1. Which of the residues spanning the stretch 15-34 are within 25 Å of Y76 (Cβ to Cβ) and at pLDDT 75 or above?
2. Inspect all residues belonging to the stretch 288-301 and state whether any of them is among the hydrophobic types (A, V, I, L, M, F, W, C), over 12 Å from V167 (Cβ atoms) and in contact with a helix residue (DSSP H, G or I) (Cβ under 8 Å, 6 or more places away or on another chain).
3. Return the total of residues in the stretch 1-34 being over 42 Å from the mean Cα position of the chain (by Cα) and touching a residue at least 40 places away in the same chain (Cβ under 8 Å).
4. Criterion first (surrounded by 14 or more Cβ atoms within 10 Å (Cβ to Cβ) and either not assigned by TED's automatic domain parsing to the domain that holds K80 or not acidic (D, E) (or both)) does K43 satisfy it?
5. If you go through the stretch 249-276, how many residues are of a type in the set (D, E, K, R), in contact with a strand residue (DSSP E or B) (Cβ under 8 Å, 6 or more places away or on another chain) and surrounded by fewer than 17 Cβ atoms within 10 Å (Cβ to Cβ)?
6. Given (1) assigned to a helix (DSSP H, G or I); (2) touching a Pro at 6+ places or on another chain (Cβ under 7 Å), where does S285 come up short, assuming only one miss?
Amino acid sequence: MARKSREEKTIDHGEIVVDDLKKLYTENSTAFIEYEKLFKEYKKISKRFNKTLNISDTVGKGVLDDNEKLQDNLEYTIEKARDKILYNIEEHRKTKEVLAKATESERETINRLKRELRDLRQYTVKLEHELNKESDLSHEFYETEDIVKPNEINPTNLHNKSFEKIVQQYLDKGILPTTIAKITVDDFKNQYSQIKDFGSDKVSILKVFYKFFSSTIGTKHIVYYFGNNVFYIFFNKHTVENTNELIKLINVPRKISNVTFTFSIGITELQNESYNTFIQRLDSSNDTASKNQASCSSNSL
């Protein structure tokens, strides 16, 4: 059996590659179509080359000598075509590897989102359980209390912004030093009951407190009404020590319709920490101030 020529071996190899590409991609894919087109051109050129050699054999050595230049040109063309085929095969291999990595990354993202969704569902079930346990108490509370929402007191630029979100923005942006005060209106329910017959509703009274805090500390700082008669103040670029003087200005009794309101103020400086760690310190500071027997009290941690 005669040995196959280099061109015949290349054609055999090319047919194998065509089959592989057909399995790897589809017949309509750009990679398969372009490779098959190039492979067909290569076979045409090879066939033409062999036909030229056969013609040369029939016309004699002289004609063959004259066609040596043509043979060189054909061999050059064949070499370039073969190089391009091999280059395309290598590029397709790289593309396949990149696609495989992208698929793996997408799979990891999907799995992470599934885990987060599972955790959210578990947390929702927990919240529903807690709400069910306290349903009787919640019902009684909403029947007897007029709820004042944060958007009824806060300015429009703070609407739809939770206190936790604002604190988290300070932490994420590293706006430090910042000291935050938690202000509780002492015995608000009882004090309010003494003046509500005079036409003063809760919203109006709480707005008086908000205006008093804002005008006293200035526009540089942020006053935020949280709800349940609790205010928070963000003292921007202030340590606890700098804040004490401003706290003294607002920690004074306020008289409305001959009823005197007092405050309990907890102060703590925001640090590079989690929101939960921070709020525990602030609540503890406010609780300590609330237990103080002074008419207006403050405490810092």
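1. Hits for the stretch 15-34 are E15, I16, V17, E34.
2. yes
3. The total comes to 4.
4. In short, yes.
5. 2
6. (2)
A quick yes/no check of all residues on (1) more than 30 Å from T30 (Cβ to Cβ); (2) exposed (fewer than 10 other Cβ atoms within 10 Å of the Cβ); (3) modelled with pLDDT of 75 or more; (4) over 21 Å from the mean Cα position of the chain (by Cα):
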site	(1), (2), (3), (4)
E128	yes, no, no, yes
H139	yes, no, no, yes
K149	yes, no, yes, yes
T156	yes, yes, yes, yes
S162	yes, no, yes, no
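The values are calculated or read from the model by the stated rules, or taken from the named source; none is laboratory data. Because the structure is predicted, anything quoted here is derived from the model rather than measured. Positions of Cβ are backbone-derived with ideal geometry, glycine not excepted, and every protein chain shown enters the neighbour counts.
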